[in-house]
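The values are calculated or read from the model by the stated rules, or taken from the named source; none is laboratory data. What you are looking at is a predicted structure, and each value in this text was computed from that prediction instead of being measured. So basically every Cβ, Gly included, is an ideal-geometry build from the backbone, and we count neighbours across all protein chains shown. Surface accessibility is based on the protein's heavy atoms, side chains included, excluding ligands, DNA and RNA. Shrake-Rupley method; radii C 1.70, N 1.55, O 1.52, S 1.80 Å.
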Amino acid sequence: MIYIGIGANLGDREKTLQKATGILNAKPEIAVVAASAVYETAPIGVTDQPYFLNAVLQVHTSLSARSLLNCLLAIESKFGRIRETRWGPRTLDLDILLYGDAIIDQPGLQVPHPHLHERAFVLAPLCDLKPDLKHPVLGQSIQFLTESLGMDLSVRKIEGLNLIIEK
Ligand code: GSY
């Protein structure tokens, strides 16, 4: 199973997450099968920027990891995303977190996502979807990794806000 992290901290963040999920699901080669709750999260990296909305999507796809990445980059640029500042604000961020059990280390494509195990804004929503899933490199479950971060006040689930999945 494939997991994609989705985030936004500029503009109408909720609308962006919803629209991007719809665009992804409208691709014939991709099916979004589940979406986590949406979390409001404190920015990591450059901290002097707006809070993010983050969620995780579970998808099926016939695309290779590289083709999926290219597809995600094309969707990001539709939302006016320019990869200027590495840790800076963005209208939309789409990251491949896990591509089944694949371990990939190529230019521009690292799977599992190299920061997956240390980011509450990824682990908390992923844990909603698949707590028992094992990290392919570390061998530890997503629940274990989430709990290892301790109580994290930087992420807050937004009750009642769910991404709608329509084909
Ligand atoms: O790597 C994803 C972009 N990003 C985020 C994010 O999505 N959420 C939070 N909370 N902080 C972030 N810093 C960066 S860079």
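Worth a mention:
- Sequence-distant residues sharing a close amide H with Ile104 (under 5 Å, placed H): Val111
- Cross-link pairs Lys78/Lys134; Lys15/Lys130; Lys15/Lys167 - those with Cα-Cα distance over 28 Å: Lys78/Lys134
- Helix-only [θ]222 nm of the chain, DSSP H runs n ≥ 4, -39500 (n - 2.57) each, per residue, nearest 500: -8000 deg cm²/dmol
- Solvent-accessible area assigned to carbon and sulfur over region 21-167 amounts to 53 percent, based on a 1.4 Å probe.
- Inter-probe distance in nm under a simple model that places probes 7 Å from Cα toward Cβ, at Met1 and Lys78: 2.5 nm
- The dipole here belongs to the chain: it is taken about the Cα centre, uses +1 on the Cβ of Lys and Arg and -1 on the Cβ of Asp and Glu, and is about 420 debye.
- Couplings 3J(HN,Hα) of region 128-135, computed from phi: 4, 7, 8, x, 7, 4, 9, 5 Hz, in residue order, whole Hz [Karplus 6.51 cos²θ - 1.76 cosθ + 1.60, θ = phi - 60°; x for Gly and Pro].
- Spacing of the modelled spin labels on Lys167 and Val46, each 7 Å from Cα toward Cβ, amounts to 4.0 nm.
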